[in-house]
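The values are calculated or read from the model by the stated rules, or taken from the named source; none is laboratory data. All of these numbers come straight from a predicted model, not from anything done at the bench. All Cβ positions, glycine included, derive from the backbone under ideal geometry; neighbour counts span all protein chains shown.
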């Protein structure tokens, strides 16, 4: 198996990469920085907010057919500035859209075009409960997660129309102890009405670790899911 995983420099992405490398699989990590050294790990430097760097990706040269099938995990995501919408800049909205929405959409298309449906077993987009409900001061983040959820549902319908077997799921892993959570706790309380809720989650040891999420996500991928369960899941 080959796992193509974005955001492998830290957090969930790094934990997933290490999990599958320890399992004997091959991993291609896409991120700005490399934090993993392993004979079965290939790192591709890419800033997902940069359209040209996305355009220049060349994944085929980093794979060997004998290691197929391929699984794509679009994990990378950013929160950006935590402020109410009227205080945000164009740069904030563009970066959020590129990393959280455009990049995973493009990578789904690119991987399917490059390797073919028959060689792509599963596509996972790391989603969030914030895509299902409004969270004040997270407007662009909520919108990007809602957008990738609907994209995944649409992609799944297209795959069914074509009679192909590639599985597509968007999975929300709950609240995880990552740099994003550190940034949330470090935000200005006057700009984020739910600030204390996230401080309490940390103080009460209610955060999942990235390693726990890697185990849960692997179990999810290797469990059969009935069609009526849909595309959007929480673990």
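Observations on the model:
- Set 201, 207, 216: member being surrounded by 13 or more Cβ atoms within 10 Å (Cβ to Cβ), closer than 24 Å to residue 78 by Cβ, at pLDDT 95 or above and out of contact with any helix residue (DSSP H, G or I) (no Cβ under 9 Å at 6 or more places or on another chain): 216
- Residues being closer than 19 Å to residue 185 by Cβ, in contact with a strand residue (DSSP E or B) (Cβ under 9 Å, 6 or more places away or on another chain) and buried (at least 17 other Cβ atoms within 10 Å of the Cβ) - total across the range 120-142: 2
- Pairs where the first residue, in the range 91-114, is under 14 Å from residue 55 (Cα atoms) and the second is assigned to a helix (DSSP H, G or I), C-beta under 7 Å, 6+ apart: 103/54; 104/148; 105/151; 106/54; 108/155; 114/60
- Hey, residue 44 in contact with a helix residue (DSSP H, G or I) (Cβ under 9 Å, 6 or more places away or on another chain) and either surrounded by fewer than 16 Cβ atoms within 10 Å (Cβ to Cβ) or within 19 Å of residue 211 (Cα to Cα) (or both) or not: no
- Here the condition is being within 18 Å of residue 229 (Cα to Cα), surrounded by 14 or more Cβ atoms within 10 Å (Cβ to Cβ) and in contact with a helix residue (DSSP H, G or I) (Cβ under 8 Å, 6 or more places away or on another chain); of 100, 170, it holds for 170 alone.
Okay, residues lined up against (1) farther than 24 Å from residue 138 by Cβ; (2) under 21 Å from the mean Cα position of the chain (by Cα):
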{"residue": "184", "(1), (2)": "no, yes"}
{"residue": "188", "(1), (2)": "no, no"}
{"residue": "197", "(1), (2)": "no, no"}
{"residue": "202", "(1), (2)": "no, no"}
{"residue": "205", "(1), (2)": "no, no"}
{"residue": "208", "(1), (2)": "no, yes"}
{"residue": "219", "(1), (2)": "yes, yes"}
{"residue": "223", "(1), (2)": "yes, yes"}
{"residue": "227", "(1), (2)": "yes, no"}
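- For the range 51-62, a residue qualifies if it is surrounded by 15 or more Cβ atoms within 10 Å (Cβ to Cβ) and either without any contact (Cβ under 8 Å) to a residue 12 or more places away in the chain or in contact with a strand residue (DSSP E or B) (Cβ under 6 Å, 6 or more places away or on another chain) (or both), and exactly one does: 53.
- Residue check, residue 102 out of contact with any strand residue (DSSP E or B) (no Cβ under 8 Å at 6 or more places or on another chain), within 28 Å of residue 117 (Cβ to Cβ) and at pLDDT 95 or above: yes
- Residue match in the range 10-20 (condition: within 14 Å of the chain's Cα centre (by Cα) and under 21 Å from residue 109 (Cβ atoms)): yes
- Residue check, residue 73 farther than 24 Å from residue 214 by Cα, touching a helix residue (DSSP H, G or I) at 6+ places or on another chain (Cβ under 7 Å) and buried (at least 18 other Cβ atoms within 10 Å of the Cβ): no
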